[in-house]
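Enquirer: Below you'll find the structure I mean.
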Amino acid sequence: MDKTYYDLLELFSESGCPICSYKKTFEEQSLDGLFYEFVTDPEIRQKLRNQGGFCQDHLRRVFDARPSILGISIVYEDLLNTSLKNENYPVINHCPLCQIWKDKIHHLENILQKRWKDFKSIWGEYTFFCTVHQNEIKLTSSIRSELQELTLKSLKNIDENLKSFIQKFDYQAKKDTITIEESNSWQEVLEFFAGQRLRKSHHIHSRK
Ligand SMILES: [Zn+2]
Ligand SMILES: [Zn+2]
């Protein structure tokens with residue numbers, strides 16, 4: 001099995017959606033490579049110009065991750081310049097990071113499909129598939145239903161923590177007894193609905 005398998009496996013024992021966690025780190029790491037190519041290879045920069053740059057979601061990722069301030073400046077000066085010469089620019093938007101992720105998803109689906117038992121056995125108490133990835137990741141219906149069952153179980157655990165958190169938060173005297181799991185719970189719920197990792201992600205070491 002390749003590195004992706006081990007990186008993914010680790011995330012399945014942790015709280016939150018493993019796909020969201022994987023995606024966040026994967027995107028940040030991919031940006032380093034992309035910006036290196038944009039700066040050093042004019043042909044690839046031309047391609048990005050035709051693609052209309054990054055989508056809105058990923059521009060935010062670019063802003064947060066800041067793979068290279070100089071690289072970003074060069075690339076976006078180029079796009080701004082194109083836009084100033086052509087008021088209809090960009091006509092289309094084919095975000096390069098969306099494309100890379102699309103390709104990567106097939107890889108993840110294959111691994112999950114082949115080694116589902118491993119992932120199932122390591123599934124954590126607060127591990128779930130978010131609203132987005134329950135639909136985006138295509139798996140056989142039997143795996144899918146197991147996955148939904150495990151997700152449901154974790155969401156119930158999170159709900160218990162959240163209820164307890166609210167109660168303790170309400171009573172000043174009990175605030176000291178709030179556990180890490182309880183204070184994590186409201187963040188986990190937001191991630192479930194957001195379909196993205198909002199907390200600081202764990203570091204995975206894979207490249208593309
Ligand atoms: Zn997710
Ligand atoms: Zn995108």
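The values are calculated or read from the model by the stated rules, or taken from the named source; none is laboratory data. Since the structure is predicted, the reported quantities are computational estimates derived from the model, not experimental observations. Positions of Cβ are backbone-derived with ideal geometry, glycine not excepted, and every protein chain shown enters the neighbour counts. To get the accessible areas, we keep the full protein, side chains included, count just its heavy atoms, and leave off ligands, DNA and RNA. Shrake-Rupley method; radii C 1.70, N 1.55, O 1.52, S 1.80 Å.
Enquirer: Take the solvent-accessible surface of the protein heavy atoms, probe 1.4 Å, and return the percent of it on segment 1-140 that carbon and sulfur atoms account for.
Expert: 52
Enquirer: List, in the order given, every pair from 104/138; 3/47; 3/104; 3/138 whose Cα-Cα distance in the structure shown is over 23 Å.
Expert: Cα-Cα > 23 Å for 3/47; rest within.
Enquirer: For segment 1-59, with every protein chain kept in place, what is the accessible area per residue (1.4 Å probe, Å²)?
Expert: 44
Enquirer: In square nanometres, what is the average projected area of the Cα convex hull of segment 3-194? Can you show the working numbers first?
Expert: Working: hull surface 56.1 nm².
Projected over every direction and averaged, the Cα hull of segment 3-194 covers 14.0 nm².
Enquirer: Right, here's the next one. Going by amide H atoms built from the backbone, whose H comes under 5 Å of the H on residue 16, apart from near neighbours?
Expert: 127, 128
Enquirer: Suppose R0 equals 35 Å. What FRET efficiency, 1/(1 + (r/R0)^6) with r the Cβ-Cβ distance, do residue 66 and residue 142 give to the nearest 0.05?
Expert: 0.25
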